[in-house]
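One structure is given here, and the rest of the page talks about it.
The values are calculated or read from the model by the stated rules, or taken from the named source; none is laboratory data. Model, not experiment: these values are computed from the prediction. Note: ideal-geometry Cβ built from the backbone for every residue, glycine included; neighbour counts use all protein chains shown. Accessible surface is based on the protein model in full, side chains and every heavy atom, while ligands, DNA and RNA are left aside. Shrake-Rupley method; radii C 1.70, N 1.55, O 1.52, S 1.80 Å.
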Amino acid sequence: MPTSPTWSPNPRQQALLDEVKARGSVSVERLAQRLDVTMQTVRRDVQRLSEAGLLTRFHGGVSLPREAPAVAAWKERQALFADAKARIARSVAAAVPDGATLMMGIGTTVEAVARELLKKPGLTVVTHNLHVAGLLSEHPQCKVHVAGGMLRTRDSAMEGDATVEYLQQFKVDVAIVGALGIDPDGSLRDRDLREQAVYQTMVAQSRESWIVADASKFGQPGLAQVGHLRDARRVFTQALPPAPFPKLMQEWDIALTIAP
């Protein structure tokens, strides 16, 4: 049976995955010894992890998938906090009006929102995220505009001056954006500055912006500042963020939605 998009590895399965990462390839027998579980348990866990695309099976053992490192990293990010992302996505989709115009940014939480939007009629979406575009291409009642530019392999997003210029042609109701991390001073963090121009353009070209972030992102550091929390109208997460974030959001008149 295919793995549900809301499934994520349990602690034992994560330990199995870490063992394979450390060694490259491992026999089922060796995994059972290292994890102190039965061979049957290992085979069952390997089945789930291979269905998620995180492992490749061969006779008697498992190895890492034979794919580009960027693709493997993206699949790992998808699996991390997958249930929280699915809950957040359902809350966001419920808040999006039928017939809305949207810009959608990068990140696996934004992609989870795109998956939920397959149920919403009459949308128009502008994005530089090829994963989002691919998901929404299955929606017969959604018009998808995809920005051009230079393809960034780590997250299948477009970047550069051409991307920004394309996005500047549109004015939308809502920008739905994620963040690698949110500092206690309210700054939104990413891996590098290349995302800054696109992020800020999306915020500028929308009537309001919504941030989607699981609770682990609050207080998470990141090298580059791409935006600021105070520019958002709404924040969607799955648990109450730690201090000082609730106070900051109240001061800046940001609506906080905690997904049920």
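Structure notes:
- Residues of the range 89-100 classified as open to solvent by 10 Å² or more (accessible area, probe 1.4 Å) and in a loop (DSSP other than H, G, I, E, B), total: 3
- Applying the condition of being of a type in the set (Val, Ile, Thr) and closer than 18 Å to residue 95 by Cα to the range 226-260 and asking which residue is surrounded by the fewest Cβ atoms within 10 Å (Cβ to Cβ) yields 258.
- Each residue in the range 112-136 was checked for being more than 18 Å from the chain's Cα centre (by Cα) and either within 17 Å of residue 180 (Cβ to Cβ) or open to solvent by 10 Å² or more (accessible area, probe 1.4 Å) (or both), and 5 pass.
- Taken over the range 189-214, the residue count meeting the criterion of being within 18 Å of residue 111 (Cβ to Cβ) and not basic (Lys, Arg) is 11.
- Identity of the residue in the range 148-159, touching a residue at least 24 places away in the same chain (Cβ under 8 Å) and assigned to a loop (DSSP other than H, G, I, E, B), that ends up nearest to residue 122 (Cα to Cα): 156
- Within the span defined as the range 207-218, every residue fails to be exposed (fewer than 14 other Cβ atoms within 10 Å of the Cβ), among the hydrophobic types (A, V, I, L, M, F, W, C) and over 24 Å from residue 130 (Cα atoms).
- Unmet criterion (only one of (1) of a type outside the set (Lys, Arg); (2) within 17 Å of residue 192 (Cα to Cα); (3) assigned to a helix (DSSP H, G or I)) for residue 131: (2)
- The range 137-164, subset among the small types (Gly, Ala, Ser) and open to solvent by less than 20 Å² (accessible area, probe 1.4 Å), residue farthest from residue 85 (Cα to Cα): 147
- Complete set of residues in the range 20-47 that are modelled with pLDDT of 90 or more, within 28 Å of the chain's Cα centre (by Cα) and of a type in the set (D, E, K, R): 44, 45
- Residue match in the range 63-72 (condition: modelled with pLDDT of 85 or more and at negative phi): yes
- Note on the range 170-187: residues that are at pLDDT below 95 and either of a type in the set (A, V, I, L, M) or in contact with a Leu (Cβ under 6 Å, 6 or more places away or on another chain) (or both) total 2.
- Residue count for the range 228-260 under the criterion of being without any contact (Cβ under 8 Å) to a residue 12 or more places away in the chain and part of a helix (DSSP H, G or I): the result is 4.
- Residue in the range 211-222 that is of a type in the set (Ser, Thr, Tyr), out of contact with any strand residue (DSSP E or B) (no Cβ under 8 Å at 6 or more places or on another chain), closer than 25 Å to residue 237 by Cβ and outside any loop (DSSP other than H, G, I, E, B) present: yes
- Within the range 166-205, the set of residues being polar (S, T, N, Q) and open to solvent by less than 10 Å² (accessible area, probe 1.4 Å) comprises 187 only.
- Filter result for residue 225 (assigned to a strand (DSSP E or B) and at pLDDT below 95): yes
- Of all residues in the range 101-111, one or more are modelled with pLDDT of 85 or more, surrounded by 19 or more Cβ atoms within 10 Å (Cβ to Cβ), among the acidic types (Asp, Glu) and under 24 Å from residue 155 (Cβ atoms).
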